1. Can you tally the net charge around LYS11? Count Lys and Arg as +1, Asp and Glu as -1, for every other residue whose Cβ sits under 12 Å from the Cβ of LYS11.
2. Normalising by the residue count of the chain, find the relative contact order in percent from Cα pairs under 8 Å and 6+ residues apart.
3. If you take every residue apart from LEU163 with its C-beta less than 15 Å away from the C-beta of LEU163, what net charge results, scoring Lys and Arg +1 and Asp and Glu -1?
4. Can you give the FRET efficiency for TYR247 and LYS507, using 1/(1 + (r/R0)^6), R0 = 56 Å, r = Cβ-Cβ distance, to the nearest 0.05?
5. Just name one of SER103, ASN593, GLN186: the one whose Cα is farthest towards the positive end of the charge dipole of the chain (beta-carbon charges, Lys/Arg +1, Asp/Glu -1).
6. Among 577-589, 72-84, what's the highest-first ranking by average C-beta atoms within 10 angstrom per residue?
7. Cβ under 13 Å from ASN420's Cβ, ASN420 left aside: what net charge do those residues give with Lys, Arg +1 and Asp, Glu -1?
8. As I understand it, the value is the acute angle between the Cα axis of helix 452-465 and the longest principal axis of the Cα atoms of the chain; what does it come to in degrees, rounded to 10?
Amino acid sequence: MNLLYVFLAQKITNIDWHSKLNKAAHHTSDYNSMQVILRRGQAFTITLNFQTTVQPEDNFTFIASTGLSPAESQQTKAIFHLSEDAASGWSATQEHCEPGRMSLIIVSPANAIIGRYKLKLQIASGNKTSSALLGQFVLLFNPWCPNDDVYMANENERQEYVLNDSGIIFQGKEKYIQQEAWNYGQFEEDILDISLSILDRSLNHRQDPSTDVSNRNDPIYVCRVISAMVNSNDEKGVVEGKWSGNYRSGTNPLHWSGSVTILRKWYRGRYKPVRYGQCWVFAGVMCTVLRSLGIPTRVITNFNSAHDSNINLSIDKYIDVSGNTLNLTEDSVWNFHVWNESWFTRRDLGSFYDGWQVLDATPQEKSKGIYRCGPASTRAIKEGDVNLDYDSSFVFAAVNADCVTWIQHSNKRKERIYSNTRKIGKFISTKAVGTNTRVDITDNYKYPEGSSKERQVYKKALKLATTRKPTVSGKLKLDASTVIGQDILLTLALQNLTAEFKTMKVKLKASAYLENKRMEISASVCIPVKEISFKITYSQYKNALLDDRKILVTAVCEDRQGASLLLEKDIVLQDPLLTIEVLGPTVVHKATNVLVTFTNPLSEVVTDCVLRAEGSGLLKEQLNINVARMAPMETSTAEFEIIPYKSGIRQLQVDLACIRFSNIKGFVMLDVAPAQ
């Protein structure tokens, strides 16, 4: 412990976090934990007791930090002063003060990162600065805060979807629906710690801890991480799935009745996946984790649930001419399937898609290379907007795919013989608010079966879903703004959107507008993520450049399967700097000199340049000054006189013209005083 820390630690005799008061105000009293647990966007109180009286001139600075490497640039560190609102959104105000005692109100922003925080205090007194750790706390999402993305206006719904620690999961068949009780137990001892550990064990966190933590202010991001981590397929997450055979090496999924035992087994077993789970187990565990973090969440059951493996919105069954089923597809229909919905806004899509978002931790198909699903807006699913993030087409098919039967003849010809448009997505169910009764929410997912609107939406979704999806994305980036005469440095960044390595052939072309002179570069690259740097030299573009100084760069990228990507980048070369300095006061009928400084931006000598100046009320005629010769990169000056003849705000315009480059322009605003 350093001397400054000792100094302040001795000065503060006691820190009261008002745990009971703050927990009640923040709706965290149910957590079975000695930790200070708070919700973001809401004030909390702490009281400091000092050995000596706090002096008015003492300067208090607070530092709230989270993560292993806190940084203000990543919003994982906030520095704020007493009685001042910080840019970070954190603030501290003095509630009341008496000799030796100070009560403070601290407020976190409604978009603060959730997780474990440290709160430090620095006091500057005279020429001494001392600091101490005031304590640690856990910050959660806040459905009671109107500015939080997870805000839920109805108190009864908040009680159900955030604070209720038990529930009902519906199972069975569409004509025989059963209730199964489930213990979520989100407030039990260690469960919040385990939920935070799940975030810390994710692949995202292991690859880039700082960026991962900085993204934890976003419920979309947090939900995608949890969706991937509840199953064990990619990240050695919580539950290992199994749907056939015996379960002797673990627990039969039917034997689980709650999340607490599963989560503790994973945590105490040093993060070894717990065997075994099926859809209702994954959904129950994810509901526990998300409610513990403060995200309103519920469990949904879809009867006759489709698994559309190729996203063609059709569950295809193939038989031979004798009626025998042929295993030609991975499509399937489950009697029931269970997933989650969480409540938050969709800033990435627009307010129309706010509200309930589908999440599915059962490992069925990969989403951007990882077994996870969602969040998919239920509004997007109902309206057939299956092109929207995330995995909307997969969920749409689960509730609204058509079932199609085909006969495959001996000559391999396929004949469509039957189609059922009403079988999939029946009695979509969840537990009612405040009771254990079943609520049918099918209308949230689709229009009435067989209606013209339902078919219209299906056709819209089919068109979007069967549009070829890109397997590679990319971007052309200009490394730095380029002044005419300089080389142009660009980077082509490619990203593989699949889980497989790809070899891409890249052709790069650059052309000046309205000209047919081009440069071309070819390269073969293996990605998942690859950046290619390339340069267009001044000598390559100088004879093609037009007055608009525009260059169009195109990149055509193709893989071996014929998938292609076209990227374009417009570049406008910037003018070199031209500065205008007025060397005296500007007064009507009084001469004043103006100094103009400019630089030849080229790597070659330029001749026959002309500097022009004009300005209403400043110069009655355009002024032309010949600049005979400038060496490469040479800086030159020109001085001329103006005699203003009108008072008020006036604009003086200056430009430098040359054969090798178009006009380099500048201007300055002058406040001309009346004649004295």
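1. Charge balance near LYS11 sits at 0.
2. Numbers: 1588 pairs, mean separation 50.2, N = 676.
Rounded, it is 7 percent for the chain.
3. Here the charged neighbours net out to 0.
4. Details: r = 55 Å, r/R0 = 0.98.
Efficiency for this residue pair is about 0.55.
5. So the residue we want is GLN186.
6. Details: 577-589: 13.8, 72-84: 16.4.
Packing order, densest peptide first, comes out as 72-84, 577-589.
7. Summing Lys/Arg as +1 and Asp/Glu as -1 gives +2.
8. 60
The values are calculated or read from the model by the stated rules, or taken from the named source; none is laboratory data. Please read all numbers here as calculations on a predicted model, not as lab measurements. Note that we place each Cβ from the backbone using ideal geometry, even for glycine, and neighbour counts take in every protein chain shown. The accessibility values were calculated without ligands, DNA or RNA, using every heavy atom of the protein model including side chains. Shrake-Rupley method; radii C 1.70, N 1.55, O 1.52, S 1.80 Å.
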